[in-house]
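So the structure is just underneath, and the comments pick up after that.
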Amino acid sequence: MASGLEPSSKRFLATWLIGGLVAGLSLVAVTTAAWPELSPLNRKKKRPVRVYMDGCFDMMHYGHCNALRQARALGDELIVGVVSDAEIIANKGPPVTPLNERMLMVSAVKWVDEVIPDAPYAITEEFMRKLFDEYNIDYIIHGDDPCILPDGTDAYALAKKAGRYKQIKRTEGVSSTDIVGRMLLCVRERSSESPSHASLQRQFSHGHNQKYDDGGSGSRTRVSHFLPTSRRIVQFSNEKGAGPNARIVYIDGAFDLFHAGHVEILRLARGLGDFLLVGIHTDQTVSANRGAHRPIMNLHERSLSVLACRYVDEVIIGAPWEISKDMITTFNISLVVHGTVAEDDDYEKDDRDPYDVPRSMDILKVLESPLDITTSTIIKRIVSNHEAYQKRNERKGESERKYYEGKSYISGD
């Protein structure tokens, strides 16, 4: 039976098919070259840039948070190493806050993607290789202030030699040494102290350009060196507000010396709604309720620490002591919460209960605080081990003095 096609016709058809196939492949090649993102080989998402920053993060403050914010801006994912208690003791002296509390604090910072516990104080060859190979770290980040080991060497020398080091700008106006000084001045003014305490407080108070405000009453209150700007507040703020149907939870307080107890109560509060609004009391309100030498940190400093917490959506900077019906309506608050651990937890005995209105509206909820930590807890830790902290701050104070003497402008941030 005849096939229906002559041999010449078969050859023509085969040539036509092969030619069309070659032309089609050429067209695909041209299209891929012009628009490489359309290529199947290029559809795979580019690997994120992972950056690493380590630190003690002892008595964590907004300066630490700003460093983490800057580090995160240098990559897509930020991995943070938290130095172990043993390493801190060996290199600096005893930490004020133990590792478990420091881990909670760092993990709660909204720019942190992953945390490595028990990180070494110095970047060793072995640990650096682990960062590169196991954690896929691209760059190691540190501030422009030097980190010198007890033997006088640079803790980041190996990272610099490997060409995998990047530097950020140190946040002005705050340091752990400075905060310890403020705490001890607070204790000094409100109690009688031994000569050793007085010597210790003078040592901690001897900072660069230290100033005090007499206030006309004879009590000397520490003046912060922090210079707040609108840009810094915007950098720390979230971009989105609450939606029209969001369940808004409100919690207020001093949030002085922002600590792990604050983090945990904020975590619980955020879990009760869609949006967490935090009211931060003014310095005057805190002083009126907790004593003339509180707060340790001023309103703007406390606001930044709270804003950096991943559980917080927005803050009221200078919230009123009493929660009014108008305030509840203005911010569309669905629930007001208060923790069981607070330094002014006897507010119900006062003639003016700040939670009277939300209580009458049946929107007040008391949360069991996960941690029994207050600002006074942190201060007591410092005072109870003052000799060790004196030695620690003598070394740290000298290093900070040298930093400020040789400081030069660094662009960015």
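The values are calculated or read from the model by the stated rules, or taken from the named source; none is laboratory data. Note that the structure is predicted; figures quoted are calculated from it, not measured. Cβ: placed from backbone, ideal geometry, glycine included. Neighbour counts: every protein chain shown. Note: areas computed on protein heavy atoms with side chains; ligands, DNA, RNA excluded. Shrake-Rupley method; radii C 1.70, N 1.55, O 1.52, S 1.80 Å.
Using packing as a proxy for protection, rank 280-291, 299-310, 315-326 so that the peptide with the highest average count of other Cβ atoms within 10 Å comes first. Write down the numbers at each step before the final one.
Values: 280-291: 18.1, 299-310: 23.2, 315-326: 16.1.
Ranking, from highest mean packing down: 299-310, 280-291, 315-326.
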Just the Kirkwood number for the range 264-327, please: inverse of mean 1/r across all distinct Cα pairs, in Å, one decimal.
12.7 Å
In whole Hz, with x marking every Gly and Pro, tabulate ³J(HN,Hα) for the range 77-82 from phi via Karplus 6.51 cos²θ - 1.76 cosθ + 1.60, θ = phi - 60°.
9, 10, 10, 10, x, 9
With all protein chains present, how much of the accessible area of the range 92-190 (probe radius 1.4 Å) comes from carbon and sulfur, to the nearest whole percent?
49 percent
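Mind scanning Lys160/Lys240; Lys110/Lys325; Lys169/Lys380; Lys130/Lys161; Lys46/Lys130; Lys130/Lys380 and naming the pairs with a C-alpha gap bigger than 27 Å? Mind dumping the intermediate values first?
Working: Lys160/Lys240 38 Å; Lys110/Lys325 32 Å; Lys169/Lys380 32 Å; Lys130/Lys161 16 Å; Lys46/Lys130 22 Å; Lys130/Lys380 38 Å.
The pairs that break the limit, which is 27 Å between Cα atoms, are Lys160/Lys240; Lys110/Lys325; Lys169/Lys380; Lys130/Lys380.
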Stokes-Einstein at 20 °C, 1.002 mPa s, Kirkwood radius from Cα pairs: D for the range 252-373 in µm² s⁻¹?
146 µm²/s
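Peptides 126-132, 238-244: what's the order by average Cβ count within 10 Å, highest mean first?
Working: 126-132: 15.7, 238-244: 10.1.
Peptide ranking by packing, descending: 126-132, 238-244.
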Any idea which of Gly152, Tyr165, Ser175 is furthest toward the positive side of the dipole for the range 132-177, if Lys and Arg beta-carbons carry +1 and Asp and Glu beta-carbons -1?
Tyr165
Solvent-accessible surface (1.4 angstrom probe) belonging to His61, in square angstrom, nearest 10:
10 Å²
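Would you please classify the overall shape of the range 98-156 from the alpha carbon gyration tensor, given that a ≥ b ≥ c denote the square roots of the eigenvalues, rounded means a/c under 1.5, and beyond that prolate means a/b larger than b/c while oblate covers the rest? Can you show the working numbers first?
On the way: a/c = 1.71, a/b = 1.27, b/c = 1.35.
Oblate.
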Whose amide H sits under 5 Å from the amide H of Ile316, counting only residues 5 or more places off or on another chain, with H placed in the peptide plane?
Val278, Gly279, Ile280
Through the Karplus equation 6.51 cos²θ - 1.76 cosθ + 1.60, θ set to phi - 60°, convert the phi angles of the range 304-320 into ³J(HN,Hα) values in whole Hz; use x for Gly and Pro.
5, 4, 5, 4, 6, 6, 5, 7, 9, 9, 7, 10, 9, 7, x, 6, x
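Can you tell me the order of 255-263, 154-162 when each peptide is scored by its average per-residue count of other Cβ atoms within 10 angstrom, highest first?
Working: 255-263: 25.3, 154-162: 16.3.
Per-residue Cβ counts within 10 Å, averaged per peptide and sorted highest first, yield 255-263, 154-162.
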Rounded to two decimals, what is Rg over Rh for the range 139-189 when you use alpha-carbon atoms and the Kirkwood radius?
1.17
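If I take every Cα pair under 8 Å that is 6 or more residues apart in the range 302-382, average their sequence separation and divide by the length, what percent do I get for the relative contact order? It would help to have the intermediate numbers written out before the result.
On the way: 59 pairs, mean separation 25.4, N = 81.
This gives 31 percent for the range 302-382.
Given a 1.4 Å probe, how much area per residue of the range 89-155 is accessible, in Å²? Each step should come with its number before you reach the end.
Working: 2990 Å² over 67 residues.
I get 45 Å² per residue for this part.
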